[in-house]
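**Student:** The structure is given below, and queries will be raised subsequently.
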Amino acid sequence: MQVDSGLMTSVKERLVAAGVEYCFATFVDVHGVPKAKSVPIACFEKMCSGSELFTVGAMEGMGLVGPHEDECGAVPDLNSGVIFPWDNRYAWFSSDMYYHDSPYEACSRVILKRVLEQARQMGFVFNLGVETEFYVLRKEGQRYIPVTQESFKGVCPAYDLFLTTESMSFLEPMAKYMDKLGWGLFSFDQEGGHGQYEFDFAYADALTMADRVVFLRYMAKTLAKSIGAIATFMPKPFSNDFRSAAHFNMSLADIQTGKNLFEPNPDQPGELASRYGLNISDLALHFVAGLLRHAPALTALTCPTFNSYKGLISQGDMPDISWAPILQTYGRNNRSAMLRLPMNRFCIENRAPDMSCNPYLAAAFSLAAGLEGIAQKLDPGVPLSGNLYDIQDSAAVARLPRTLLEALQAFETDSLVPEVLGKDFQQIYLKQKMKEWDKGFYRVCEEEREQMMTFI
């Protein structure tokens, strides 16, 4: 591996000056779970050259190499270094896996970088903002309750000022950590769920944003534990409460000028934009069309767990609508559509992703689908307005997958999947997720047993 010695030296000097004693070469498995080895700062140079080896065949969803083959080495991205804002003895580096001095094709970060290079060849930078939602809970006996000391007695706790201030033991240090990291935090709030919060921060290029989402989950879990709570990224922890989404706000920028290419030219509106009365570029609408074409397969990556599909519902056990998308469509500022074109920014918001997703895989396939739409000049069709929950049973509009099994079936047959992820990784992902489906489907839970034991 070729290492920029000048950059390596400057990064190490910065780490030493900050008091860093240990560094983590970190990557994620197929599920988006971070894995790492730690080295003393004295061994930083060795780590940078890929000294930290992993027997990836022993890990879930990473196994293209068997026990008779060599290990993979984690090569840190020196531009990704993060000093823990709560303990400056430690630094985290997002890493790419290498096998025999070549990028390891089953590494999620490597997959994303491949598609980003495709975009670069087309003259694009893929920018991404993720709206991160999650619950912070305390365990009381067999129950999980909100981290707040006071329970909310109203209809919905969303944006409640008292609950927000009551939760500052978690929210304030989380906000300070994000500020210290320079992420451009601009908002956080009590969300619709009891004990659910959202943090919104500045968009970045997709690789940087995916790195940040992974670290955010680790940071939130670490902070929650320090106050005797847990931060959970389970998509739907409670059947009668809101899911934790991770809305993807996507745009393409010109690689030379940085101009947002989804912004329309007011002097020369695009043909599609004019036809549909939309204030966005035709390039963006082609991107939308690509996302819609591959929506079922994409959902297998953006909503990757058995539990995810308990959140992609119109209402279920909730007292009101879920605000989650259920139809494969798009609309102008329509929060009931899978793809929303916001009024206050020129981007495409995919409202389907949830917080359990591997952000590298979700971003990679989103981009690939959008680029296909651009290359083939696909037409997304007429945008839908109004409350789409009212037409959820219409045969005219396709539904998003209703189960993990449906999503995986689409993932298996979609021709773009092996092009983006590779045939081997496609099979790896299917194997891992089918195991999850089978386990969830065949399990008989206590509630079901109590309900049905004397039913007939």
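**Student:** Only one of (1) among the aromatic types (Phe, Trp, Tyr); (2) surrounded by fewer than 20 Cβ atoms within 10 Å (Cβ to Cβ); (3) over 30 Å from Gln190 (Cα atoms) fails for Phe262. Which number is that?
**Tutor:** (2)
**Student:** Looking at the structure I just gave you, is Pro264 in the same structural domain as Leu378 (by TED's automatic domain parsing), in contact with a strand residue (DSSP E or B) (Cβ under 9 Å, 6 or more places away or on another chain) and touching a residue at least 24 places away in the same chain (Cβ under 8 Å)? Reasoning before the result, please.
**Tutor:** Details: in the same structural domain as Leu378 (by TED's automatic domain parsing): yes; in contact with a strand residue (DSSP E or B) (Cβ under 9 Å, 6 or more places away or on another chain): no; touching a residue at least 24 places away in the same chain (Cβ under 8 Å): yes.
Spelling it out, it is not the case that Pro264 is in the same structural domain as Leu378 (by TED's automatic domain parsing), in contact with a strand residue (DSSP E or B) (Cβ under 9 Å, 6 or more places away or on another chain) and touching a residue at least 24 places away in the same chain (Cβ under 8 Å).
**Student:** Next up: Which residues, counting only those in segment 388-408, are modelled with pLDDT of 90 or more, of a type outside the set (A, V, I, L, M, F, W, C) and in a loop (DSSP other than H, G, I, E, B)?
**Tutor:** If the condition is that a residue be modelled with pLDDT of 90 or more, of a type outside the set (A, V, I, L, M, F, W, C) and in a loop (DSSP other than H, G, I, E, B), then Pro401, Arg402, Thr403 are the ones that fit.
**Student:** Follow-up question, since we're still on this one. Only one of (1) without any contact (Cβ under 8 Å) to a residue 40 or more places away in the chain; (2) assigned to a helix (DSSP H, G or I) fails for Val444. Which number is that?
**Tutor:** (2)
**Student:** Mind listing just one residue for me: the one in segment 78-116 that is of a type in the set (Asp, Glu) and either surrounded by fewer than 16 Cβ atoms within 10 Å (Cβ to Cβ) or modelled with pLDDT under 95 (or both) and, of those, farthest from Val214 (Cα to Cα)? Steps first, please.
**Tutor:** Of the residues in segment 78-116, the ones of a type in the set (Asp, Glu) are 87, 96, 101, 105.
Remaining after also requiring either surrounded by fewer than 16 Cβ atoms within 10 Å (Cβ to Cβ) or modelled with pLDDT under 95 (or both): 87, 101, 105.
Working: Asp87: 18, Asp101: 25, Glu105: 20 Å.
Step by step, filter segment 78-116, then rank; the result is Asp101.
**Student:** For the subset of segment 327-347 comprising residues that are buried (at least 21 other Cβ atoms within 10 Å of the Cβ), in a loop (DSSP other than H, G, I, E, B) and of a type in the set (A, V, I, L, M, F, W, C), which member is modelled with the lowest pLDDT?
**Tutor:** My answer is Ala337.
**Student:** I'd like to know if segment 213-226 contains one or more residues that are surrounded by 21 or more Cβ atoms within 10 Å (Cβ to Cβ) and more than 16 Å from the chain's Cα centre (by Cα).
**Tutor:** Taking every residue of segment 213-226 in turn, at least one turns out to be surrounded by 21 or more Cβ atoms within 10 Å (Cβ to Cβ) and more than 16 Å from the chain's Cα centre (by Cα).
**Student:** Kindly provide the set of residues from segment 39-77 that are within 12 Å of Phe24 (Cβ to Cβ) and either surrounded by 15 or more Cβ atoms within 10 Å (Cβ to Cβ) or within 22 Å of the chain's Cα centre (by Cα) (or both), ordered by number.
**Tutor:** Those that are within 12 Å of Phe24 (Cβ to Cβ) and either surrounded by 15 or more Cβ atoms within 10 Å (Cβ to Cβ) or within 22 Å of the chain's Cα centre (by Cα) (or both): Val39, Ile41, Phe44, Met47, Glu52, Ala74, Pro76.
**Student:** For segment 348-382, which positions are in a loop (DSSP other than H, G, I, E, B), buried (at least 24 other Cβ atoms within 10 Å of the Cβ) and out of contact with any His (no Cβ under 9 Å at 6 or more places or on another chain)?
**Tutor:** Met355, Cys357 - these are the residues of segment 348-382 that are in a loop (DSSP other than H, G, I, E, B), buried (at least 24 other Cβ atoms within 10 Å of the Cβ) and out of contact with any His (no Cβ under 9 Å at 6 or more places or on another chain).
**Student:** Something else about it: Mind checking whether some residue in segment 290-303 is without any contact (Cβ under 8 Å) to a residue 12 or more places away in the chain, of a type outside the set (Phe, Trp, Tyr), more than 28 Å from Glu191 (Cβ to Cβ) and in the same structural domain as Ala204 (by TED's automatic domain parsing)?
**Tutor:** Step one: filter segment 290-303 for residues without any contact (Cβ under 8 Å) to a residue 12 or more places away in the chain, giving none.
The answer is no, given that none of the residues of segment 290-303 is without any contact (Cβ under 8 Å) to a residue 12 or more places away in the chain, of a type outside the set (Phe, Trp, Tyr), more than 28 Å from Glu191 (Cβ to Cβ) and in the same structural domain as Ala204 (by TED's automatic domain parsing).
**Student:** Still on this structure: One residue is enough: does segment 409-422 have a residue meeting the conditions at pLDDT below 95 and among the acidic types (Asp, Glu)?
**Tutor:** No, because not a single residue in segment 409-422 is at pLDDT below 95 and among the acidic types (Asp, Glu).
**Student:** If you don't mind, another one. Can you tell me which of Glu198, Glu105, Glu150 is within 19 Å of the chain's Cα centre (by Cα) and acidic (Asp, Glu)?
**Tutor:** Values: Glu105 fails: within 19 Å of the chain's Cα centre (by Cα); Glu150 fails: within 19 Å of the chain's Cα centre (by Cα).
On inspection, the qualifying residue turns out to be Glu198.
**Student:** Taking the condition among the aromatic types (Phe, Trp, Tyr) and part of a strand (DSSP E or B), does Phe134 pass? Spell out how you get there, then give the answer.
**Tutor:** On the way: among the aromatic types (Phe, Trp, Tyr): yes; part of a strand (DSSP E or B): yes.
Here the answer is yes, as Phe134 does meet what is asked.
**Student:** Pro296 - would you say it is surrounded by fewer than 22 Cβ atoms within 10 Å (Cβ to Cβ) and over 24 Å from Val130 (Cβ atoms)?
**Tutor:** Numbers: surrounded by fewer than 22 Cβ atoms within 10 Å (Cβ to Cβ): yes; over 24 Å from Val130 (Cβ atoms): no.
Taking the combined requirement at face value, the residue does not satisfy it.
The values are calculated or read from the model by the stated rules, or taken from the named source; none is laboratory data. Just so we're clear, the structure is a prediction, and the values are computed from it rather than from any experiment. Backbone-built Cβ (ideal geometry, glycine too); neighbour counts: all protein chains shown.
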